[in-house]
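Below: one structure, written as structure tokens.
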Amino acid sequence: MSIVNLDKIFAPKSVTIIGASERPGSIGSTLMKNLEKFAGKVYPINPKSPTIHGVTAYKTVGELPEVPDLAVICTPAKTVSALVEQLGEKGNRAVIIITAGFREVGSEGKALEQQVIETAKKYDNFRIVGPNCLGVLVPETNMNASFAATGGIVGRCAFISQSGALGTAVLDWANYNGVGFSYFVSMGNAVDVSMGDLLEYFGQQDTTDSAMLYIESIPDAKNFMESVKKFSAVKPIVAYKSGRFAESAAAAASHTGAMAGMDAVYDAALKRAGVQRVLEISEVFDCTNLMSHCAAPKGERLAIVTNAGGPGVMTTDALIDRGGKLAKISDATMEKLNAILPSFWSHGNPIDVLGDAKAEAYAKALEVVLDDPQIDGIVVILTPQAMSDPTGAAKAVVGVAKGAKKPILTSWMGGTTVAEGVNIFRKEGIPTYETPERAVDAFIQMVRYEKLRQFQATMGPAKTIATGADRAAMQKMFKEHIDEGVTILPEDKSKELLAAYGIPVTMPVVAKTADEAVALAAKCGFPVVMKIHSHQITHKTDVGGVKLNITDEAGVRGAFEEIITSAKAAKPEATIIGCTVQPMVKFPVAYELIVGQIKDATFGPVVMVGMGGTLAEVFKDRALMLPPLNAAMVKEELEHLKYWKVLKGYRGKPGANIDKLVDVIIRFGQLVSDYPEIKELDINPVLATPDGVMALDARVVLDEKLVGTGTVAGSALAVTPDE
């Protein structure tokens, strides 16, 4: 992560446009026009024209009268590497490459892009935005180094997009709605300046109070997570991540993978970093609107001021459905409203000021509601009735809302009749929405962010646990199995690893014959559990490979034969070693969970906890966490499970020992962080009882590419332990 020379990109005193042109509709011409109001110097480069749009032009980089702070390149892809070389020799260290035709078009473009990267490496701290990007805007300084059709309004929200096309739509919408930006960046292929670099830089700028991200992928998760955590600790970030349903086929091979899914991992990562995620493009617009104009609400209690009962009820429905709360109006506020409103007003929240309400009634009611300490935010609604004055009411609301310390959101419902009032809100920077439901959506998103921010502030550092694991011995055992062509560890070896991390387990012993099984059962004591033992069989119950509560010798012999026969029929290609025998664990009260891990290609190991047993994949009631973990993180995620109410005790049954369950999950998180060689790990079921926790079955899948490579201890995860 580096912000070196980013000032040259975002606060340049001089800009050169390589490929500047007067040809109508060309990018070079658009760039020149967009920089007409720029206060610094602009140096167009065009070998064929002495002037471009009335500005003296130069034939080459070498002819420039000074070293420009920033260069913008819009010439064909094949010319870019040589131009970067010329700029580097000239002393320039900051470039925006607008040009497309690089890795996005195939192998030839990828080779051209690599040439640019290698050329830039010759010069210390040479920074590049792009290639294949829309460009950069800094509205405060009229620096529009982009080919967007319009500039931006000055604001305090930084917008960072991995899609130039979406960027143009957001910019056009923002200008129409009076929403401003401190910085506006289209990243393109991001060969150098990353989203993490941008957040690190913008987080240090006094002109920026928040950030909105459009994410398609995160190539450098560590950089991203560290910068996002730092930014979100003091300023809100809202993100839209596209590609929600592109699940990894490889991950689905395990219970954990099938229950997790790639998109859910992004959810967990963004939450861990303190980012509020939105799921619809409309929410990108709505949240940008709110973040640009209002402070985050301190709570979820919303007041609704309306001139019509129906929309008030609709707004209430939307609020409750999204997890918000209808504010309870204080007695003092009720008295004040009774004094200023007609006797037929609703006398409650929603506050119906009636259809013939004058502009003054809106203003007075809003002033009173703002003063109520039991109210965290207000949605003001107007429907155009014959007696209404939408324009006057909008002006009255603006007069009160300016400088308000609580968010005030408006929805003037209708079309032409309310258009002037809506334009007033846009011009004055008051968040306004076409429907009350969209206003509620924006409010709730910011409520969720504020809760997340508060949780992040009190979460505390991750916990490190001393273990009895012999890493060298474990690595040796991993390699021995891989050398034998075995990627799935036997149950006994998997449980040895768990036990080394202080996770309670029932230890199985392998019996190759029925006689051996009988002897083992007699030794450990009846009743016993028997399971198929084969490196090729992943899910034992699917092949009839598990027998429970066996109480005598005859039962052991019968179970052995049944398990072997059933497994061979279901998996004829598998090598059957025998059966494992272990004590049958019985508890008066026990709750089944699954605790698992997958290795995400972007974020590394991800821990999953959810309702366990054979129906785990059916209900998919799960929580995902990125280690390293601590008790606060784990408990927060457990409380979001539907199964949580059961774990706490259900219909007179005592609840599970939550503290011990949390401890086991933390230990599990450290285990998978310590061993990058583990590709997948399932413990299913884990029994959580009033007294403790017991892991009954375990499955470890090894990563052939990492086993035996000398991989050092430590997680490949982007998130580093909090200090």
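The values are calculated or read from the model by the stated rules, or taken from the named source; none is laboratory data. On a predicted model such as this, the values are computed, not experimentally measured, just so you know. Cβ coordinates were reconstructed from backbone atoms using ideal geometry, including for glycine residues, and neighbour counts include every protein chain displayed. All accessible areas refer to the heavy atoms of the entire protein, side chains included, with ligands and DNA or RNA removed. Shrake-Rupley method; radii C 1.70, N 1.55, O 1.52, S 1.80 Å.
Which order do the peptides 436-444, 41-49 come out in when sorted by mean C-beta neighbours inside 10 angstrom, highest first? Write down the numbers at each step before the final one.
Values: 436-444: 24.8, 41-49: 17.6.
In decreasing order of mean packing, 436-444, 41-49 become 436-444, 41-49.
Between the range 173-221 and the range 1-55, what is the C-alpha centre distance in whole Å?
Using only Cα atoms to place each centre, the spacing works out to 21 Å.
At a Cα cut-off below 18 Å, give the aspartates and glutamates reachable from LYS586, other chains included and same-chain residues fewer than 8 away excluded.
Filter leaves ASP552, ASP691, ASP697.
Round to a whole angstrom and tell me the spacing of the C-alpha centers of the range 61-138 and the range 275-291.
If we compute the Cα centre of each part, the gap is 33 Å.
For GLU573 and LYS325, calculate 0.36 nm times their separation in residues minus their Cα-Cα distance, and state this gained length in nm to one decimal.
Details: separation 248, 0.36 × 248 = 89.28 nm, distance 5.84 nm.
Between GLU573 and LYS325, full extension yields an extra 83.4 nm.
When the helices in the chain are scored as -39500 (n - 2.57) per DSSP H run of 4 or longer and the sum is shared across all residues, what 222 nm value do you end up with, to the nearest 500 deg cm²/dmol? Mind showing how you got there, number by number?
On the way: 24 runs with 274 residues, N = 723.
After summing the helix terms and dividing by residue count, I get -11500 deg cm²/dmol.
Cut-off 14 Å, label point 7 angstrom out along Cα-to-Cβ of LYS13: give me the residues of the range 50-67 whose amide nitrogen falls inside.
Inside the label zone: 66-67.
Applying a 10 Å radius around every beta-carbon, put 153-159, 7-13, 128-134 in order of their mean neighbour count, most first.
Values: 153-159: 22.1, 7-13: 20.3, 128-134: 26.1.
Answer by packing, highest mean first, reads 128-134, 153-159, 7-13.
If you filter the range 611-694 for GluC sites (Glu not before Pro), then keep DSSP loop positions with at most 11 other Cβ within 10 Å, what is left? Show your work: numbers first, answer last.
On the way: sites: GLU617, GLU636, GLU637, GLU639, GLU677, GLU680; in loops: GLU639, GLU677.
Hits after loop and neighbour filter: nothing returned.
Assuming R0 = 41 Å, what is the FRET efficiency of ASP492 and ALA404, from their Cβ-Cβ distance, to the nearest 0.05?
Details: r = 65 Å, r/R0 = 1.59.
Given R0 = 41 Å and the Cβ-Cβ separation, E is 0.05.
Computed FRET efficiency, Cβ-Cβ of THR464 and GLU66, R0 45 Å: what is it to the nearest 0.05? Don't skip to the answer; put the middle values down first.
On the way: r = 54 Å, r/R0 = 1.19.
FRET efficiency, THR464 to GLU66: 0.25.
Let me check against my output: what whole-number percent is the relative contact order of the chain, with C-alpha pairs under 8 Å and at least 6 apart? Spell out each step's value before the answer.
Values: 1549 pairs, mean separation 67.1, N = 723.
This gives 9 percent for the chain.
Taking N as the number of residues in the range 357-480, what is its Cα Rg relative to 2.2 N^0.38 Å? Please list the in-between numbers first.
Details: Rg = 25.2 Å, N = 124, 2.2 N^0.38 = 13.7 Å.
In units of the 2.2 N^0.38 Å rule of thumb, it is 1.83.
Work through the residues other than SER2 whose Cβ is under 15 Å from its Cβ and net out their charges, Lys, Arg +1 and Asp, Glu -1. Provide the component values of the computation, followed by the final result.
Numbers: positive: LYS8, ARG93, LYS121, ARG127, LYS222, LYS230; negative: ASP7, ASP124, ASP192, ASP197, GLU200, ASP220, GLU226.
Taking every other residue near SER2 into account, the sum is -1.
Rounded if a/c is under 1.5, else prolate if a/b is larger than b/c, else oblate: which is the range 158-245, with a ≥ b ≥ c the root eigenvalues of its Cα gyration tensor? Write down the numbers at each step before the final one.
Values: a/c = 1.68, a/b = 1.13, b/c = 1.48.
Verdict is oblate for the range 158-245.
Any chance you could tell me what percent of the C-alpha pair distances in the range 203-246 go past 17 Å? Walk me through the numbers before you get to the answer.
Working: 353 of 946 pairs.
Of all Cα-Cα pairs in the range 203-246, 37 percent lie more than 17 Å apart.
Are there GluC sites (Glu not before Pro) in the range 533-582 that DSSP puts in a loop and that have at most 12 other Cβ atoms within 10 Å, and which ones? Provide the component values of the computation, followed by the final result.
Working: sites: GLU553, GLU561, GLU562, GLU573; in loops: GLU573.
In loop regions of the range 533-582 (DSSP not H, G, I, E or B), the sparsely surrounded GluC sites (Glu not before Pro) are GLU573.
Could you name the lysines in cross-link range of LYS78, using Cα to Cα under 26 Å and dropping any fewer than eight places away on the same chain?
LYS8, LYS33, LYS48, LYS59, LYS90, LYS110, LYS121, LYS122
State whether the range 442-582 is rounded, prolate or oblate according to the following rule on the C-alpha gyration tensor (a ≥ b ≥ c being the square roots of its eigenvalues): a/c under 1.5 gives rounded; otherwise a/b larger than b/c gives prolate, and the remaining case gives oblate. List each step's numbers first, then the result.
Working: a/c = 2.24, a/b = 2.00, b/c = 1.12.
Judged from the Cα gyration tensor, the range 442-582 comes out prolate (a/c at least 1.5, a/b above b/c).
With all protein chains present, how much of the accessible area of the range 175-215 (probe radius 1.4 Å) comes from carbon and sulfur, to the nearest whole percent?
Looking at the range 175-215 in its full context, I get 38 percent from C and S.
Using a/c under 1.5 as the rounded threshold, could you call the chain rounded, prolate or oblate? The axes a ≥ b ≥ c are square roots of the C-alpha gyration tensor eigenvalues, and prolate needs a/b larger than b/c, oblate otherwise. Spell out each step's value before the answer.
Working: a/c = 2.98, a/b = 1.38, b/c = 2.15.
Here the chain falls in the oblate category.
At what distance in angstrom do the alpha carbon centres of the range 461-539 and the range 387-424 lie from each other?
Centre-to-centre (Cα) distance: 68 Å.
Among DSSP beta bridges lying fully in the chain, give the percent that are antiparallel, nearest 5. Each step should come with its number before you reach the end.
Details: 48 of 99 bridges.
Given both bridge residues lie in the chain, the antiparallel proportion sits at roughly 50 percent.
LYS479 to LYS37: extension gain in nm, 0.36 nm per residue of separation minus the Cα-Cα distance? List each step's numbers first, then the result.
On the way: separation 442, 0.36 × 442 = 159.12 nm, distance 6.50 nm.
Taking LYS479 through LYS37 to full extension adds about 152.6 nm, to one decimal.
Write down the accessible area per residue of the range 102-192 in Å², having rolled a 1.4 Å probe over the full set of protein chains.
Numbers: 3420 Å² over 91 residues.
Each residue of the range 102-192 exposes 38 Å² on average to a 1.4 Å probe.
Say the cut-off is 21 Å between C-alpha atoms; which of LYS235/LYS599; LYS571/LYS620; LYS463/LYS635; LYS495/LYS635; LYS451/LYS635 go over it?
Values: LYS235/LYS599 30 Å; LYS571/LYS620 27 Å; LYS463/LYS635 14 Å; LYS495/LYS635 25 Å; LYS451/LYS635 15 Å.
Listed pairs above 21 Å: LYS235/LYS599; LYS571/LYS620; LYS495/LYS635.
Setting aside same-chain residues fewer than 8 positions from LYS222, which aspartates and glutamates have a Cα under 12 Å from its Cα?
Here the aspartates and glutamates satisfying the reach criterion relative to LYS222 are ASP197.
How much of the accessible area of the range 298-424, probe 1.4 Å, is carbon plus sulfur, in whole percent?
On the way: 3050 of 5590 Å².
Carbon and sulfur together cover 55 percent of it.
Give me the angle, in degrees from 0 to 90, between the Cα long axis of helix 416-428 and the longest principal axis of the Cα atoms of the chain, rounded to the nearest 10.
Taking Cα atoms only, the helix is inclined about 90 degrees.
For the range 51-119, give the percent of accessible area contributed by carbon and sulfur heavy atoms, probe 1.4 Å, rounded to a whole number. Please list the in-between numbers first.
Numbers: 1590 of 3060 Å².
Taking all protein chains in place, the range 51-119 shows 52 percent carbon and sulfur surface.
Going by average Cβ density within 10 Å per residue, which order do the peptides 525-532, 355-362, 52-59 take, highest to lowest? Please list the in-between numbers first.
Working: 525-532: 20.8, 355-362: 18.0, 52-59: 15.6.
Descending mean neighbour count gives 525-532, 355-362, 52-59.
Please report the relative contact order for the range 538-696, taking Cα pairs under 8 Å with a sequence separation of at least 6, and give it as a percent rounded to a whole number.
Details: 226 pairs, mean separation 37.0, N = 159.
Computed value for the range 538-696: 23 percent relative contact order.
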